[in-house]
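The values are calculated or read from the model by the stated rules, or taken from the named source; none is laboratory data. This is a predicted model, so every value here is computed, not measured. Please note that ligands, DNA and RNA were not included when accessible areas were found on the heavy atoms of the full protein model with its side chains. Shrake-Rupley method; radii C 1.70, N 1.55, O 1.52, S 1.80 Å.
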Amino acid sequence: MIAIEKVGKNFGSTTVLDGVELAIAPGEVVSILGASGSGKSTLIRCINGLETVDAGRITVDGFDVAEKAGLAEARRRSATVFQLFNLYPHMTALENVMLAPTMVLKRPRAEVEAEARALLERVGLAARAEAYPAQLSGGQRQRVGICRALAMKPRYLLLDEVTSALDPEMTAEVLAILAQLAREGTTMLFVTHEIEFARRISTRVVFLEKGRIEVNLPTAEFFSEAGGLANPRIARFLSRMAAPEAAAPLSPAPTDAHEAS
Ligand SMILES: Nc1ncnc2c1ncn2[C@@H]1O[C@H](COP(=O)(O)OP(=O)(O)OP(=O)(O)O)[C@@H](O)[C@H]1O
Ligand SMILES: [Mg+2]
């Protein structure tokens, strides 16, 4: 399992994570919700060692990510997909998916290629295996990114807003893949703004507020009146997400607004 124990993280004088306690057991699908800047991406980055923690400890199957050897083991067990499809532009979809298993795990090419083609087929991209990233749509690129993560056969899949750069149609394509992975029992920790999707596929929902875990509840309870919705911050967050046009305006209100009323 992934165990996050009393984790704290600061950037200069800003506290970004504060006493975060969270455990993700095999088979769980945990979504992380929270306002922009609440520390969601930082938490994911601390789990895969892209950031170091200032307090507490994170272990993946018992391996401490703060230690060099521990981090290598942790990275073998978990794979991360980010918002932007960071594929290698000079390699085809197939080559991108094959890279880590052949280079990092030093597995035989023929075997890896067969698996990579099967993965691409699973996400509906068998016919695009030889295409370069520039020849793929955003949704297709993100599906290749998911294949690339799965090619390492991770026990844990970490996803940080993998659909937020996509249009609704491509978002639906990628969410369908994630829903399928969830049904197959893939352990996932995912940051998302897709509330309905989180509700549909996660076993548990975590709400981060200013770097602290405000609630951590089974999904049905999180979305119940007596559970998560009883928390005014969560209720406000969910209603804002459901009706984005009701959110605070992006531009400051005109200073002479009172004269118009
Ligand atoms: N490398 C960095 N240096 C300084 N501050 C940072 C750094 N990375 C993140 N922060 C700050 O840490 C806070 C949390 O950022 P984080 O990216 O984790 O938020 P988030 O919850 O993922 O937000 P969003 O929903 O917008 O992606 C923010 O205030 C951000 O400005
Ligand atoms: Mg983020």
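Observations on the structure shown:
- Residue-normalised accessible area of the chain, expressed per residue, 1.4 Å probe, Å²: 50 Å²
- Where only DSSP H runs of four or more residues are counted, the chain gives -11000 deg cm²/dmol as its mean residue ellipticity at 222 nm, each run worth -39500 (n - 2.57).
- The antiparallel fraction among DSSP beta bridges confined to the chain stands at about 55%.
- Rounded to 10°, Cα long-axis angle of helix 232-242 versus longest principal axis of the chain: 60 degrees
- Normalised contact order of the chain, rounded percent, pairs of Cα under 8 Å and 6 or more residues apart: 23 percent
- Over all orientations, the chain has a Cα convex hull whose mean projected area works out to 17.0 square nanometres.
- Of all lysines in the structure, the ones whose alpha carbon falls short of 18 Å from that of residue 106, not counting any fewer than 8 places away in one chain, are 153.
- Within the accessible surface of segment 11-92, defined with a 1.4 Å probe on protein heavy atoms only, the carbon and sulfur portion equals 53 percent.
- Too-long pairs where the Cα-Cα distance tops 23 Å, listed order kept, from 68/210; 6/210; 6/40; 9/210: 68/210
- Hz values of 3J(HN,Hα) by residue in segment 102-110 - Karplus curve (6.51, -1.76, 1.60), Gly and Pro given as x: 7, 7, 7, 8, 6, 7, x, 4, 4
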